[in-house]
Amino acid sequence: MGHKVIILGSGCAGSTAAIYTARANLSPLVLEGHEPGGQLSLTTEVENFPGFPNGVQGPELVDLMKQQAQRFGAEYRMERATEVTLERPPFTVKTEENTYRTESLIIATGASAKMLGLESEKRLLGRGVSTCATCDGAFFRGKEVLVVGGGDSAVEEATFLTKFASRVTIVHRRDQLRASKILVDRAKKNVKIEFLWNTLVTDILDDGKNEVTAVRILRAGGGKEEIRKTDGVFIAIGHDPNTKIFEGKLELNKGYVVVRDGSMTSVEGVFAAGDVHDLVYRQAVTAAGCGCRAAIDAERWLESREHA
């Protein structure tokens with residue numbers, strides 16, 4: 001049996017698209033993906049999503065959206081798309097368990113923050129380790145934090161964090177930043193920002209408190225390991241959009257899905273929402289807005305085919 005719409009991903013974008021398409025009687029099937037709930041499911045306190053004056057836990061917000069979509073008839077399955085055929089509708093979506101056919105497809109597979117690969121980093125995510133300064137910066141008012149990275153996003157995050165933190169240290173493995181000159185100049189003039197060059201973070205420590213208290217760093221060129229106290233670690237070494245299965249099938253830019261005229265991709269009937277196409281904002285609320293847009297675009301496209 002074919003579907004009117006399948007949504008890949010169950011973060012803010014995917015679940016908002018599910019709410020809208022379900023309310024339009026399109027009975028969406030949501031394939032939750034490898035990270036159900038998206039990046040929000042990895043965060044703790046969310047204070048910048050409208051409607052929650054006292055904040056909300058990331059996993060709770062994701063679950064509330066899912067419940068709302070299910071109330072209107074959306075079906076969620078804990079499956080991950082492994083292959084898609086997008087030549088013409090109906091499109092085919094394969095998972096490890098099943099093969100589905102659908103008249104339209106909304107891609108909300110998100111992007112994953114690149115991490116350092118430390119066990120402590122995973123364990124302390126949301127407990128002093130963050131991948132988003134605009135999401136979590138306000139929790140570090142008057143505290144000292146580190147930003148790991150050397151590109152535009154690292155310098156932008158560090159500059160933003162100076163609004164809250166008493167000191168921000170950019171830790172970079174090389175002796176100069178890759179970021180654009182204007183950003184670098186601004187950061188170097190900022191009295192709250194300092195730099196640790198030719199330095200690697202080899203571990204993140206919590207002193208048994210289950211929150212970040214220090215990092216272990218190693219200076220390049222045979223330097224000794226040192227322990228440096230810090231209240232927070234922001235990882236800013238980039239994002240990887242979850243688009244591997246769309247390579248050669250959709251127009252991509254640096255791995256991100258290219259959209260035009262709202263949420264339309266290079267294939268008619270295939271729409272994209274959220275961090276999978278957003279290189280700029282990457283916020284829960286913007287992802288939700290994109291999910292709404294993709295759902296309305298998909299609904300109108302399906303209607304136009306019926307009346308063609």
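Every read-out reported here was derived from the displayed coordinates using simple, explicitly stated rules and does not represent laboratory data. Quick caveat: nothing in here was measured; it's all calculated off a predicted structure. In this analysis, Cβ positions are derived from the backbone assuming ideal geometry, glycine residues included, and neighbour counts consider all displayed protein chains.
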Practice problem: Taking amide H positions as placed in the peptide plane 1.01 Å from N, state which residues far from Ala214 in sequence (5 or more) or on other chains have amide H under 5 Å from it. | Solution: Leu205, Thr230
Quiz item: Among Ala24, Ala295, Ala74, whose mean-square fluctuation peaks in a Gaussian network model of the chain (Cα, cutoff 10 Å)?
Solution: Ala24
Quiz item: Under a straight-distance cross-link criterion of Cα-Cα below 22 Å, which lysines are reachable from Lys244, leaving out those fewer than 8 residues away in the same chain?
Solution: Lys94, Lys114, Lys254
Quiz item: Using the Cα gyration tensor of the chain, with a ≥ b ≥ c the square roots of its eigenvalues, what is the shape: rounded (a/c below 1.5), prolate (a/b larger than b/c) or oblate (neither)?
Solution: prolate
Quiz prompt | Beta bridge orientation in the stretch 1-86: antiparallel %, DSSP, nearest 5 | solution = 25 percent
Quiz item: Under a point-charge model restricted to the Cβ atoms of Lys and Arg (+1) and Asp and Glu (-1), what is the dipole moment magnitude of the chain relative to its Cα centre, in debye to the nearest 20?
Solution: 860 debye
Quiz item: Residue farthest toward the positive end of the dipole of the chain, with Cβ of Lys/Arg at +1 and Asp/Glu at -1: which of Leu196, Val145, Leu118?
Solution: Leu196
Quiz item: For the stretch 279-294, in order, what is each residue's ³J(HN,Hα) by Karplus, 6.51 cos²θ - 1.76 cosθ + 1.60 with θ = phi - 60°, in whole Hz (x at glycine and Pro)?
Solution: 8, 9, 9, 6, 10, 4, 6, 6, 4, 4, x, 5, x, 4, 4, 5
Quiz item: What net charge do the residues around Ala187 carry, taking every other residue with its C-beta under 14 Å from that of Ala187, with Lys and Arg at +1 and Asp and Glu at -1?
Solution: +3
Quiz item: Ordered by residue, what ³J(HN,Hα) values in Hz, to whole numbers, does the stretch 135-145 give under the Karplus form 6.51 cos²θ - 1.76 cosθ + 1.60, where θ = phi - 60° and Gly and Pro are x?
Solution: 6, 10, x, 5, 6, 10, 4, x, 10, 9, 9
Exercise. Work out the count of Lys pairs in the stretch 119-235 where the Cα-Cα distance is under 23 Å, with the pair 8 or more places apart or on different chains.
Key: 19
Quiz item: Taking only C-alpha pairs under 8 Å that are 6+ residues apart, what is the relative contact order of the chain in percent?
Solution: 21 percent
Exercise. Please figure out what share of the DSSP beta bridges in the stretch 119-235 is antiparallel and state it in percent, rounded to the nearest 5.
Key: 40 percent
Quiz item: Of all DSSP beta bridges in the chain, what percent run antiparallel (nearest 5)?
Solution: 50 percent
Practice problem: Decide, for the stretch 119-235, between rounded, prolate and oblate: order the square roots of the alpha carbon gyration tensor eigenvalues as a ≥ b ≥ c, take rounded if a/c falls under 1.5, and otherwise choose prolate if a/b is larger than b/c, else oblate. | Solution: oblate
Exercise. Could you tell me how many degrees, from 0 to 90 and to the nearest 10, lie between the Cα long axis of helix 12-23 and the main elongation axis, the longest principal axis, of the Cα atoms of the chain?
Key: 20 degrees
Practice problem: List every residue whose amide H lies under 5 Å from the amide H of His3, counting only residues 5 or more places away in sequence or on a different chain, with H placed 1.01 Å from N in the peptide plane. | Solution: Arg101, Thr102, Glu103
Practice problem: Work from the charge dipole of the stretch 119-235 (Cβ charges, +1 for Lys and Arg, -1 for Asp and Glu, about the Cα centre) and give the residue of Ile217, Ile182, Val155 farthest towards its positive end. | Solution: Ile182
Quiz prompt | Dipole moment magnitude, nearest 20 debye, the stretch 119-235 about Cα centre, only Lys, Arg, Asp, Glu C-beta charged | solution = 340 debye
Quiz prompt | Structure-based [θ]222 nm, the chain - -39500 (n - 2.57) summed over DSSP H runs of at least 4, per residue, nearest 500 | solution = -7500 deg cm²/dmol
Self-check item: Sequence-separation-based contact order of the stretch 119-235, relative, with Cα cut under 8 Å and 6+ spacing, percent
Solution: 30 percent
